[in-house]
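A.B. asks: Let me begin by handing over the structure; questions about it come next.
Values in this text are rule-based calculations from the coordinates and carry no lab data. Every value quoted in this text rests on a predicted model; they were computed, and no experiment measured them. We place every Cβ from the backbone using ideal geometry, glycine too, and count neighbours over all the protein chains shown.
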């Protein structure tokens, strides 16, 4: 294979799209690991702690060791229905979604010293589905907060003496929470012309 044929392989439309996707998928790592250490240093986090955060990328660094083993493992029940690759993609997407939704508690806005208790963490269950009837017609539906969990997404301090609260007369707790949306859903038909 000469250099000319190697370069022409990257000029094919399908390969060029995958090259662009691969490049863009690496940008978050650069932004997170490159600038996060600078941000943490500005917040007076010790260099030891910042160095220990580099272990977050260790799994990707040794991927050449665990990837061949994982290729041999089949996902129970899903691999027969979806195939091995699609089953693993579904499992990994569910894991990522669970990690993003299961948020830990956060400190209230206005408590920059983090002296008061955090908002409680929460987990929500969201379901979504779609069915492509034809290449041009697709049905979709989504239900969010299926378990109707009561949680808060934001908190701050409010002056209880300066503002009268009709719902809570004689309130003395300055902590104010913003409740999340209850169970909700939507569905529809998507038509592509």
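A.B. asks: If r is the Cβ-Cβ distance from residue 156 to residue 97 and R0 is 22 Å, what FRET efficiency results, to the nearest 0.05? Please report the intermediate quantities before stating the final value.
C.D. replies: Values: r = 28 Å, r/R0 = 1.28.
According to the calculation, E is roughly 0.20.
A.B. asks: Now a separate question. Could you line up 111, 71 from fewest to most neighbouring Cβ atoms inside 10 Å?
C.D. replies: Working: 111 16, 71 11.
Ascending number of Cβ neighbours within 10 Å: 71, 111.
A.B. asks: Taking the simple approach of a point 7 Å from Cα along Cα-to-Cβ for both residue 4 and residue 66, what is their distance in nm?
C.D. replies: Here the modelled spin labels are 4.5 nm apart.
A.B. asks: Follow-up. I'd like the FRET efficiency for residue 36 and residue 190, computed as 1/(1 + (r/R0)^6) with the beta carbon distance as r and R0 of 35 Å, rounded to 0.05. If you can, show how the numbers build up before the last one.
C.D. replies: Details: r = 38 Å, r/R0 = 1.07.
So the FRET efficiency works out to roughly 0.40.
A.B. asks: Extending each Cα 7 Å along its Cβ direction at residue 140 and residue 173, get the distance between those two points in nm, one decimal.
C.D. replies: The answer from the label model is 3.9 nm.
A.B. asks: Once label points are set 7 Å from the Cα along Cα→Cβ at both residue 43 and residue 128, what is their separation, rounded to one decimal in nm?
C.D. replies: Spacing of the two 7 Å Cα→Cβ label points: 2.8 nm.
A.B. asks: Let me make sure I get this right: for the stretch 104-193, a, b and c are the square roots of the gyration tensor eigenvalues over alpha carbons, sorted descending. Under 1.5 in a/c it's rounded, otherwise prolate if a/b > b/c, else oblate. Which is it? Let's see the in-between values first.
C.D. replies: On the way: a/c = 3.54, a/b = 2.68, b/c = 1.32.
Here the stretch 104-193 falls in the prolate category.
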